[in-house]
Every structure is written in structure tokens, then in C-alpha cells.
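Everything on this sheet refers to the single structure shown next.
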Amino acid sequence: MKVLTPEDIAGHRAATTKGAIRGILLGAAISAPTFYTLQRRSHFYKQLPLPLKAFGVVVVVVPCFSISAEKAGEAYEREQWTGVGKQELDAKAQAALDRWSSLDTWGKVKDWSKSNKWGLIGTSWASVMAGSFYLVNRNNAQSFAQKLVQARVYAQAWTVVLMLAVAFTSGYSTDEEVPQLKNTDHSWREILEQEGYMKPEQKQKEPLKTPSEK
């Protein structure tokens, strides 16, 4: 395990700060023209109180800020890997890429939905909530609370349908699919072998198995 030096900590902090700044700029680039257009063209948006408008900006900028900073920090950490550790990470990344390339279109849809199901559900819920509220807002006979409840009902109905679809694409398997054996991570053993820390008789031994692997 590599011991962090003050230079490593400073480099990580600098990379994270740069990522955070990029995220803030991205969030501002998205929110500024969007809310400016709403302010010019939407009568409903003009009537909203200033704190609620500010909250809308925060909802856009803060996720961009936090995600960009986190990704920048992770990228910096990956750049610091050297030697056998980096080779192992590169080999796993290449194996994942080869597996993705071997999937057909339906397999890629299932794999992507399984890996991003919560983000997919959350984004879809917010989008349907905004779209349905935009539609029901045209009905002047309803109050604001009634419109909000109706939009929420539409969004919840869509969320239920989407969750069923994600469950289907994530868990459904066809007869052509070959069951995959459980992938046990023994990368630590490969690293020790490549570094020369294992004796010849140790290399012949089977890796230790956890109770769940037996």
C-alpha cells in the first residue's frame, strides 16, 4: 500500500478543486439560459418567489459541482497507480470493455439499466414531474396545490411502470444466455506472484475460499 505524501494530498486537493470549478461552470451554463428563458416567457415562473427560483439554481449547480469534483478526484487517484497495481486495473478495465463489446443490443440495454437503474428512475421521475406539471398548469380552473398533486400522481404512475421495466430488463434472461460462474477477486494473489513475493510451493496451493465460495 502506498503511503500518501504531502505532495499527493496537495495534488488530489488541486484536482478536486479544478473539478469542482468545472462543475460549477457547467451548472451555471445550464441553469443561467434555462431560467433566463423561463423568466422571459413563463408567466407562472415569474410569479414564483425569489427563494424558490434560487432553489432551482441550487438543484442544478450542486449536483454538477459534487459529481465533477468526485470524478476529478477519482481520475487523479487512477493516475497515481503504477507497476503491477496499474496493470491489474488496466486488465480489469479491458476485460469489462471486451465483455461490453461482446453483448448484443438487448444485452447492452439490460446491462446499462442494471448499472444505472436508480439514476434512471430518479431522472425520469423528475422529468415526468416537470412535464406533467407544465401540462396541467394550463388548466386555470385548478389551484396550485391541485395541479401539483395531479402532476405528482402522473410522475408516480410513470415511476411504477419504469421500475417494473427496469426489473424486467435487469432480471430477465433468455435461454441462449450461458450462466456465469461467480467471479471471485484474487487479484491480490496475482500481484504477489508478479512481484515475486510468493514461493514456488505457495503458487501451487489453491486460493483460500470464504464460506460463501464453498
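The values are calculated or read from the model by the stated rules, or taken from the named source; none is laboratory data. Keep in mind the model is a prediction, meaning the values are calculated, not measured. Reconstructed Cβ throughout: ideal geometry from the backbone, glycine too, with neighbour counts over all protein chains shown.
So Asp104 clears everything in (1) out of contact with any helix residue (DSSP H, G or I) (no Cβ under 9 Å at 6 or more places or on another chain); (2) surrounded by 11 or more Cβ atoms within 10 Å (Cβ to Cβ) except one condition, right? Which one?
Asp104 satisfies all of (1) out of contact with any helix residue (DSSP H, G or I) (no Cβ under 9 Å at 6 or more places or on another chain); (2) surrounded by 11 or more Cβ atoms within 10 Å (Cβ to Cβ) except (2).
On the basis of being closer than 26 Å to Gly23 by Cβ and either of a type outside the set (Val, Ile, Thr) or touching a helix residue (DSSP H, G or I) at 6+ places or on another chain (Cβ under 7 Å) (or both), does Ala75 make the cut?
Yes, satisfied.
List every residue pair whose Cβ atoms lie under 9 Å apart, where the two residues are 6 or more positions apart in sequence or sit on different chains, the first residue falls within region 5-29 and is assigned to a helix (DSSP H, G or I), and the second residue, located anywhere, is of a type in the set (Lys, Arg).
Partner pairs satisfying both residue conditions: Asp8/Lys2; Gly19/Lys71; Gly23/Lys71.
Can you find a residue in region 3-22 that is at pLDDT 85 or above, of a type in the set (Val, Ile, Thr) and more than 30 Å from Gln80 (Cβ to Cβ)?
Looking through region 3-22, none of the residues is at pLDDT 85 or above, of a type in the set (Val, Ile, Thr) and more than 30 Å from Gln80 (Cβ to Cβ).
What is the number of the single condition among (1) hydroxyl-bearing (Ser, Thr, Tyr); (2) within 14 Å of the chain's Cα centre (by Cα); (3) more than 25 Å from Ala155 (Cβ to Cβ) that Ser101 does not meet?
(2)
Residue under question is Ala155, and the condition is that it be in a helix (DSSP H, G or I), surrounded by 17 or more Cβ atoms within 10 Å (Cβ to Cβ), out of contact with any His (no Cβ under 7 Å at 6 or more places or on another chain) and not polar (S, T, N, Q); does it hold?
Yes: the conditions hold for Ala155.
Any idea which of Val136, Val109 is within 22 Å of Leu164 (Cα to Cα), of a type in the set (Val, Ile, Thr) and either loosely packed, with under 12 Cβ neighbours inside 10 Å or not assigned by TED's automatic domain parsing to the domain that holds Val59 (or both)?
One residue alone meets the criteria, Val109.
Return the residue satisfying two criteria in turn: it lies in region 73-101 and is polar (S, T, N, Q) and surrounded by 13 or more Cβ atoms within 10 Å (Cβ to Cβ), and of such residues it is nearest to Ala10 (Cα to Cα).
Gln80
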